[in-house]
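J.: Below is the structure I would like to discuss, written out as structure tokens.
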Amino acid sequence: MRKYFKDMLNTFCIINTGITIGASVFIYIFQNGVSLDVNILWQILIVSLLTSSINIVFYSKVELSKKEILVRGGIQYLLINIITLTCAYFFIWIDFKSSKTILGLVLTILFVFIFTWLICYINDAKVAEQLNAKIDEYNKKNEE
């Protein structure tokens, strides 16, 4: 369980980075010239915490099939949209009367989701490679 929370913290940092980059691009495109309040930093941290907490729901000790991973990813993306759009409403980030701005936010969420997924995938692949190397090393020692 300790490893799980360490992974969740890592995911939180990746999500926070993605949200900061995504928010910067979104603000530049849709709200260029707007002056931001320092509260946006706390709001980004809140959204990062809430969206990374979704991982608790998807924690599994068993290896998942590709289909299960895709289904969970879709559900996770949907939940992230709900959380982010709800926060955007309460934090008054966007004008919800503008479908262009809402679409822009949904695409920004997709960008952050893909960014986070790719970083986590690369990290997991490195860990798997290291574990396989250790297993090979162990097997070679036992063969001798």
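The values are calculated or read from the model by the stated rules, or taken from the named source; none is laboratory data. It should be emphasised that the depicted structure is a prediction, and the values quoted were computed from it without experimental measurement. As a convention, Cβ positions derive from the backbone with ideal geometry for all residues, glycine included, and neighbour counts pool all protein chains shown. Calculation scope for accessible area: heavy atoms of the full protein, side chains included, ligands and nucleic acids excluded. Shrake-Rupley method; radii C 1.70, N 1.55, O 1.52, S 1.80 Å.
J.: Kindly sort Trp42, Trp93, Trp117 by accessible area of their heavy atoms, largest first, with the probe set to 1.4 Å.
T.: The ordering from most to least exposed comes out as Trp42, Trp117, Trp93.
J.: Towards the positive end of the charge dipole of the chain, with charges on Cβ (+1 Lys, Arg; -1 Asp, Glu), say which of Cys120, Trp93, Phe26 has the farthest Cα.
T.: Final value for the positive-end residue is Trp93.
J.: Let me ask something else. How far apart, in nm, are two points set 7 Å out from the Cα along the Cα-to-Cβ line at Arg2 and at Leu70?
T.: About 3.8 nm separates the two model spin labels.
J.: Another question, if that's okay. How far is the Cα center of region 5-19 from the Cα center of region 32-69, in Å?
T.: 8
J.: Next up: Checking the a/c ratio against 1.5 first, then a/b against b/c, what shape does the Cα gyration tensor give for region 97-144?
T.: Prolate, since a/c reaches 1.5 and a/b exceeds b/c.
J.: So for the pair Lys141, Phe91, with labels modelled 7 Å out along Cα→Cβ, what separation do we get in nm?
T.: 4.8
J.: Moving on to the next point. When ligands, DNA and RNA are left out and all protein chains stay put, how many square angstrom of accessible area per residue does region 46-134 have with a 1.4 Å probe?
T.: In whole numbers, region 46-134 has 70 Å² accessible per residue.
J.: Considering only protein heavy atoms and a probe of 1.4 Å, how much of the accessible area of the chain is carbon and sulfur, as a whole percent?
T.: That fraction is 66 percent.
J.: Of (1) 10, 36, 28, 15, 7, 3, 1, 0; (2) 9, 31, 34, 20, 6, 0; (3) 10, 43, 37, 9, 0, which one was derived for P(r) over Cα pairs in 10 Å bins from 0, in percent from the structure shown?
T.: (1)
J.: Beyond a 20 Å Cα-Cα separation, which of these cross-linked pairs lie in this structure: Lys6/Lys141; Lys3/Lys67; Lys6/Lys126?
T.: Pairs exceeding the cut-off: Lys6/Lys141; Lys3/Lys67.
J.: Can you give the relative contact order of region 48-144 as a percent, counting alpha carbon pairs under 8 Å and 6+ residues apart? If you can, show how the numbers build up before the last one.
T.: Details: 21 pairs, mean separation 20.8, N = 97.
Relative contact order comes out at 21 percent.
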